[in-house]
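Asks: Before I ask anything, let me first share the structure, which is written out below as structure tokens.
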Amino acid sequence: MPAGLLLFLGIAFTSCTKLPTTTTPIAVKPGVSAELAAYRKAVICRPAYSLALHVPPRKEEPITASGSISFYLKENKQPLQLDFKEKTESLQELRVNGRPADIIHQEEHLLIPTRYLKKGANRIDIRFIAGNLSLNRNADYLYTLLVPDRARTVFPVFDQPDLKAAFQLTLTVPKDWKALANGPLLDTTLTEQTKTYRFGPSDTISTYLFSFAAGRFAHEYRRVAGTPMHFYHRETDPAKLRHSLEPIFNLHGDALAFLQDYTRIPYPFQKFDFVAIPDFQYGGMEHVGAIQYKAASLFLDEGATKDQQLARANLIAHETAHMWFGDLVTMTWFDDVWMKEVFANFIADKITQVSLRASNERLKFLVDHFPAAYGVDRTAGANPIRQPLDNLQEAGSLYGAIIYHKAPVMMRQLERLMGPEQLQAGLREYLRTYAFANATWPDLIALLDARTATDLQAWNQVWVNEAGRPLFTYDLQIREGKIQELVLRQQAEDGSDRLWPQLFEVALVYPDRVKELTVNMKQARLALAEAVGEAEPDFILFNSTGQGYGVFPVDERMFSGLYALQDPVARASTYINLYENMLNSREVKPRQLLTLYRQGLAAEKEELNLKLLTGQLGDIYWKFIRPQERNQLAPALEKEIWAALQQQQAPNVKKLLFKAYQNIALSKEAQDKLYQVWKSEQAPAGVTLTEDDYTALALALAVRDYADDKTVLAQQLRRIPNPDRRQRLQFLQPALSADVQVRDAFFASLRKEENREKESWVQDALTYLHHPLRHHTSEKYLPESLALLAEIQRTGDIFFPHNWLQASLGTYQSPEAARVVRAFLQEHPNYNPKLKGKILQAADNLFRAEKLLSDPQ
């Protein structure tokens, strides 16, 4: 479908809905309430914005701005509320339909009385100081990040996703800066000190997708399969540029080609540009015509692992998929924010399978999504995929591993249930029906329900509208060497009688073969008829293809044959299931699993599996065995990892083992070995280490208070030529100081909002501040860390509360730390329930460690 026709459809879909039947005044209160959003959607049509901002060279100076909002008003019976979460003094002049108007600013809203408005066409002109909260200003660049409700922190706006609009931006910046925005560049004007960029109207987009970036950026241009692409970045490393630029452009081209074929809709917007931001808050953000990425996720070099290459491909595919799923069709309200994320992940996994043909897509899907989903769904703070939302200011708390990782698992089950062709046909119909408009999950379910005999409404209830996962158990009856009965049972982890309809495999493993049985688990108890009469296997592997969701039983006979399994997916599924059983205190104990994983250091050859295995090994080492046991274990484990590094042949596998060695090193011998690698910049044979790797190594030595060289961080700082990476290391230094008073002062500095601006830096600093080797001095920070959480949510971006808590609580294991968390929750019985859920998620490992360490090992 031509873009022009889609634009016409976009205009048509912005027509008003039926008028509200109530005459009750809409309350003026902070945020954007669901009531206010519904009212405005009913009376406001065809909004359009024109903005002009003047960015001074010093970030401390205010950004002066002016803007106009035009719209059609279907009725004029109540004051109109514009959202503006800034101080009243920032509003300098207001004109409505050409007339000066009083500035009435209350509870984060600019109120326009009915006397200034009229039914039909209206225009509001405002002169103001732009809010800084979401402009992410740095010394020589800035960028907007307005999801979910941050547009209102920059300029007055109707900040809700179903009032889509075109944005026209004029941006004046220092003359040596470059800029990009949603709309196409029309022209530029130079003065002695400034450069003004005038952009044309954007496509019709939701307010959270409005974006621009400006600063001292390098610029690259390619035309890929007929699509012009402009790329802006600040990378200075020649090796990273040489190894990364072509793959970055080509991966975008592959993603566009796949999506146009899969959806049967050509790329629907005017332009396709992107920018790499140093230390960006997320992996990426899908702004139309101006996608933003975290620079470190895009720029790789010769030392990149397969996991890093897959992650980059998947990230690019994810953000490109959003152009259709999220940008072309957008959720009506943020209770369905998960929709755009699940489709972006679901499609991205398919794209990566095509763009990186050598990758094992089933394995990647399993290791990417299941551990992360379980990490939330097993906790007392678990949330459903779809959550209610009364006010948009709470929307940030909806984001997390459930929508990014459990939802794709749900989609895989839905695809298997319906069949790939029927699901694809349903998604095409969905995109055609709601192009340039908004839709809800029930809208989509209604379309899909017509394409399958399964009752999707009932299926949807447990998978989407409720939290949690099932626990599986089994009974096996053998007679005369033959299976007489194999019965599977499922029960909800919370003890309720809920059931998760799903398909998965059970494998009967023999010395010379594996027989897989497909299980259609629609009930609480299922006898596997196909198993009857089969010879008794050496062991049974549950969820062997890694598609089932829940905690599966462990056949302990499997321990001796795990590494002989030929299918890497089966091994990965087993690692994940063993770990979940350990956390649930079922059949597996931490030391038992640690012993099994030590055997796998040399036996496991698949890179993604070894990353999973060593990650779980490191978690057990730091979180689930006692410190004194860890100290006793360290020398032997260090030797085993180093020996495995010598035995393994693949360079990326060797690098993973070196990283594992760096992670667990405690003995002086191991630390000396790491120091020599860092000092000489000579990696072990077969391992390629980059500047980033040597920085990470320096940080690992610093957190261990390595005694032989107190200037490790200072010397590493001198090695780093890139100014953005230098600033990051400078920020981290106090958190790594051997002086407790310096660390105390650094933590105290985080009370001030301006010291938390670089959220990824703060997260990294907290990770080192709360490293297990520092627990004896850092546990005292926990009460204040929890007390700051509400402010962190109010001032930070959507993932910051979760990241703050994970970095603060994630490695503790002591009863004292657990008591701090419980005391905080008891002292705040009416605490924000979504934030309480985040605390319970972050503290889950702490509570489990407390229990596991109290049990005999």
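The values are calculated or read from the model by the stated rules, or taken from the named source; none is laboratory data. Quick caveat, the model's predicted, so the values are computed rather than measured. A quick note on method: Cβ atoms are made from the backbone with ideal geometry, for glycine too, and the neighbour counts reach across all protein chains shown. Remember, those area values only see protein heavy atoms, side chains included, never the ligands or the DNA or RNA. Shrake-Rupley method; radii C 1.70, N 1.55, O 1.52, S 1.80 Å.
Asks: Pop out the ³J(HN,Hα) list for the stretch 735-750 in order, Karplus 6.51 cos²θ - 1.76 cosθ + 1.60 with θ = phi - 60°, rounded to Hz; leave Gly and Pro as x.
Replies: Karplus-based 3J(HN,Hα) across the stretch 735-750 equals 5, 9, 4, 6, 8, 4, 5, 5, 5, 4, 5, 5, 4, 4, 5, 6 Hz.
Asks: I've got another one for you. Kindly write out, for the stretch 63-79 in residue order, the coupling ³J(HN,Hα) from the Karplus curve 6.51 cos²θ - 1.76 cosθ + 1.60 (θ = phi - 60°), rounded to whole Hz, with x marking Gly and Pro.
Replies: Along the stretch 63-79, the couplings run 9, 7, 8, 9, x, 10, 10, 10, 6, 9, 10, 7, 9, 9, 10, 9, x Hz.
Asks: With contacts defined as alpha carbon pairs under 8 Å and 6 or more residues apart, what's the relative contact order of the chain in percent?
Replies: It comes to 8 percent, rounded to a whole number.
Asks: Same structure again: How much length is gained if the chain between Glu556 and Gln484 is pulled fully straight, taking 0.36 nm per residue apart and subtracting their Cα-Cα distance, in nm to one decimal? List each step's numbers first, then the result.
Replies: Working: separation 72, 0.36 × 72 = 25.92 nm, distance 2.01 nm.
Between Glu556 and Gln484, full extension yields an extra 23.9 nm.
Asks: How far apart, in nm, are two points set 7 Å out from the Cα along the Cα-to-Cβ line at Glu779 and at Gln477?
Replies: 5.3
Asks: For the pairs Lys655/Lys758; Lys364/Lys515; Lys406/Lys758, flag any whose C-alpha to C-alpha distance is greater than 26 Å.
Replies: Cα-Cα > 26 Å for Lys655/Lys758; Lys406/Lys758; rest within.
Asks: Next question. Assuming R0 = 30 Å, can you tell me the calculated FRET efficiency for the pair Arg222 and Thr688, based on Cβ-Cβ distance, to the nearest 0.05? List each step's numbers first, then the result.
Replies: Details: r = 27 Å, r/R0 = 0.91.
Once the sixth-power term is evaluated, E becomes 0.65.
Asks: Hey, another quick one. Give a quick list of GluC sites (Glu not before Pro) in the stretch 275-380 that DSSP marks as loop, anything other than H, G, I, E or B, with at most 16 other Cβ atoms within 10 Å.
Replies: Values: sites: Glu286, Glu302, Glu319, Glu341, Glu361; in loops: Glu286, Glu302.
Listed in order of number, the matching sites are Glu302.
Asks: Continuing with this model, one more query. How high is the FRET efficiency from Gln523 to Val740, r the C-beta distance, R0 60 Å, rounded to 0.05?
Replies: E(calc), rounded to 0.05, equals 0.55.
Asks: May I pose another question? Report in % the part of the accessible area of the stretch 678-791 that belongs to carbon and sulfur, leaving out ligands and nucleic acids; probe 1.4 Å.
Replies: Roughly 49 percent of what the probe reaches on the stretch 678-791 is carbon or sulfur.
Asks: Where the accessible area of the stretch 361-429 is counted over protein heavy atoms with a 1.4 Å probe, how much of it, in %, is carbon and sulfur?
Replies: Accessible surface attributable to carbon and sulfur in the stretch 361-429 totals 47 percent.
Asks: Please compute the length gained on full extension between Ala790 and Glu75, using 0.36 nm multiplied by the number of residues separating them and subtracting their Cα-Cα distance. Mind dumping the intermediate values first?
Replies: Details: separation 715, 0.36 × 715 = 257.40 nm, distance 3.83 nm.
Answer, rounded to one decimal: 253.6 nm.
Asks: Please work out the Kirkwood hydrodynamic radius for the chain, using every pair of different C-alpha atoms, and report it in angstroms with one decimal place. It would help to have the intermediate numbers written out before the result.
Replies: Working: mean 1/r = 0.0347 Å⁻¹.
Across the chain, the inverse of the average 1/r is 28.8 Å.
Asks: If I fit a long axis through the Cα atoms of helix 627-647 and take the longest principal axis of the Cα atoms of the chain, what angle between them do I get, 0 to 90°, rounded to 10?
Replies: Value to nearest ten degrees: 90.
Asks: Measure nothing fancy, just the Cα-based angle from helix 407-418's long axis to the longest principal axis of the chain, in degrees from 0 to 90, nearest 10.
Replies: Taking Cα atoms only, the helix is inclined about 80 degrees.
Asks: Also, quick follow-up: Output the 0 to 90 degree angle, nearest 10, between the alpha-carbon long axis of helix 651-664 and the longest principal axis computed from the alpha carbons of the chain.
Replies: 90
Asks: State in Å² the accessible area per residue of the stretch 430-550; use a 1.4 Å probe, count heavy atoms of protein chains only, and round to the nearest integer. It would help to have the intermediate numbers written out before the result.
Replies: Working: 5160 Å² over 121 residues.
I get 43 Å² per residue for this part.
Asks: Moving on. Considering the convex hull of the alpha carbon atoms of the stretch 44-169, report its projected area averaged over all viewing directions, in nm², one decimal.
Replies: The directionally averaged projection comes out at 7.4 nm².
Asks: Something else: Hey, how much of the P(r) for the stretch 127-191 falls beyond 13 Å, as a percent of Cα pairs?
Replies: Summing the P(r) tail past 13 Å for the stretch 127-191 gives 71 percent.
Asks: Mind listing the phi-derived Karplus ³J(HN,Hα) values for the stretch 568-574, rounded to whole Hz, using 6.51, -1.76 and 1.60 with θ = phi - 60°, and x for any glycine or proline?
Replies: With coefficients 6.51, -1.76 and 1.60, one gets x, 5, 4, 5, 4, 4, 5 Hz.
Asks: Further, regarding this structure: Amide H neighbours of Ala437 under 5 Å, counting only residues 5+ apart in sequence or on other chains, H built in-plane at 1.01 Å?
Replies: For Ala437, whose amide H was placed from the backbone, the distant partners under 5 Å are Thr330.
Asks: Next up: Would you mind computing, in nm to one decimal, how far apart the modelled labels at Asp176 and Leu499 are, each placed 7 Å from Cα along Cα→Cβ?
Replies: Between Asp176 and Leu499, the simple spin-label model gives 7.0 nm.
Asks: Let me ask something else about it. List the residues whose amide H sits under 5 Å from the amide H of Ala492, counting only those 5 or more places along or on another chain, with H placed 1.01 Å from N in the peptide plane.
Replies: The list, which skips near neighbours in sequence, is Leu471, Arg498.
Asks: Can you tell me how much longer the chain between Ala458 and Ala603 gets when fully stretched, taken as 0.36 nm per residue apart minus their C-alpha distance, in nm with one decimal?
Replies: Extra length available between Ala458 and Ala603 comes to 47.8 nm.
Asks: Between Glu629 and Tyr831, what is the spin-label point distance in nm, taking each point 7 Å from the Cα along the Cα→C-beta axis?
Replies: 2.9
Asks: Compute the FRET efficiency between Ala446 and Ala707 as 1/(1 + (r/R0)^6), taking r as their Cβ-Cβ distance and R0 = 56 Å, and round to the nearest 0.05.
Replies: The calculated FRET efficiency here is 0.25.
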